[in-house]
Amino acid sequence: MRNILPEEEQVQDIINSHIYNHIESIPFPDGFENKCLSFLKQSYLNEINKMQLDSSDKTFFSWLNYSMNIHLCIVPGSKINKLLVIAEKNPSEHDVLNIHDYTDSIRDYDIENSGDSELIISYLVKHSYLKVNSRNIITQALNPFFEFKDQGILWAKNEYDNASNQFSKPSVKKLDFNKIGLHAARYEFDKMINTLDNKQFEIELSESLTAYEKGMFYVCAAGLGGIIESLLYYTLENYSLTGNGFPNDPTLSDFLNKFKSVKLVDRRKINSIKATFQIRNSISHFNDGFTTVDQCNLLMSGIKNIYTNYYLPSLEWKNENPNSVYGK
């Protein structure tokens, strides 16, 4: 932690006396504006130095490229006064800081109770309390109502955040975290996603499982029903059986009829697939939630069953017969 110099403590104490206890505020001594300016800029520079940027990156930091005209405004508040630091580009080659104490001159209920810095600045300009060019104001330097000791630090941080994707330093890339919930391992959903390598399938499954984790069982069941239909379709697609008039929006009967036509299923397997669909269709909008947990779990088991017993064999067949149609 950086040691605070006695002079910095003095600057902060004097400003705080005008904010928290204006009746007994400490008068601004001669040369106080220069002390505030030095304190503000040094804290700004110290924060930038911590960022370890290349010299080319410094173009994104306003006070490294322009002189500044700083307005340190003390505005009356309903309980305590408010500190507003306004920075605008200065066409001259020198930084300037001016202190404006409005606590005895402004009596406006809306301003005293406002937390909108842009509204307060507009008021000050409109009523000729402050002369600034709004187009030259550095918005990243506006950190209203924070203590003065934090103003330079926040200014630098805001500019860093605003331009971080432009810096030449390598950014930290987030790891690929597992986002499909606690049931991935049990039902092997991770393997399904990797094997299918289908972004739409991954999104649909992830959203369904997110709904499950949040207790939104009806939403989860509806999504899992779509997953089942997708798996059946991808299975037929691997066998090259989705052409020749196969519907774009197939029903369960369409799927089963196609499976039966090429003898991919027997009666027992048909009943198993039907049972999974019946579970999905039985879930009510008005269910109390207890049975839908079990029903969602059964749908997940059904998905694993279709993936293992139908999709994977179809994928193996496709790899061995890349240009063939199953059953022909």
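Residue by residue through the stretch 109-153, note down the ones that are under 20 Å from residue 65 (Cα atoms) and of a type in the set (A, V, I, L, M). The answer is 132, 137, 138, 141, 142, 153. Applying the criterion of being in contact (Cβ under 8 Å) with a residue 12 or more places away in the chain and exposed (fewer than 15 other Cβ atoms within 10 Å of the Cβ) to the residues of the stretch 77-89, the residue that is farthest from residue 35 (Cα to Cα) is 78.
The residues of the stretch 22-76 that are under 19 Å from residue 142 (Cα atoms), in contact (Cβ under 8 Å) with a residue 60 or more places away in the chain and part of a loop (DSSP other than H, G, I, E, B) amount to a single one, 61.
From 114, 92, 134, 62, grab the single residue that is among the polar types (S, T, N, Q), open to solvent by 60 Å² or more (accessible area, probe 1.4 Å), over 17 Å from residue 148 (Cβ atoms) and modelled with pLDDT under 95.
Numbers: 114 fails: open to solvent by 60 Å² or more (accessible area, probe 1.4 Å); 92 fails: open to solvent by 60 Å² or more (accessible area, probe 1.4 Å); 62 fails: open to solvent by 60 Å² or more (accessible area, probe 1.4 Å).
After ruling out the rest, the residue left standing is 134.
Out of the residues in the stretch 94-149 that are in a helix (DSSP H, G or I) and β-branched (Val, Ile, Thr), state the one that is farthest from the chain's Cα centre (by Cα). It comes out as 125. Taking the criterion of being surrounded by 13 or more Cβ atoms within 10 Å (Cβ to Cβ) and among the β-branched types (Val, Ile, Thr), the only residue of the stretch 31-59 that qualifies is 48.
State whether the residues of the stretch 153-160 include one that is modelled with pLDDT under 90 and small (Gly, Ala, Ser).
Checked the stretch 153-160: no residue is modelled with pLDDT under 90 and small (Gly, Ala, Ser).
Residue-wise test of (1) touching a strand residue (DSSP E or B) at 6+ places or on another chain (Cβ under 6 Å); (2) surrounded by 18 or more Cβ atoms within 10 Å (Cβ to Cβ); (3) touching a residue at least 60 places away in the same chain (Cβ under 8 Å); (4) within 20 Å of residue 47 (Cβ to Cβ).
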position	(1), (2), (3), (4)
110	no, no, no, no
143	no, yes, no, yes
146	no, no, yes, yes
149	no, no, yes, yes
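The values are calculated or read from the model by the stated rules, or taken from the named source; none is laboratory data. What you are looking at is a predicted structure, and each value in this text was computed from that prediction instead of being measured. Here Cβ is always computed from backbone atoms with ideal geometry, including for glycine, and neighbour counts include all displayed protein chains. Please note that ligands, DNA and RNA were not included when accessible areas were found on the heavy atoms of the full protein model with its side chains. Shrake-Rupley method; radii C 1.70, N 1.55, O 1.52, S 1.80 Å.
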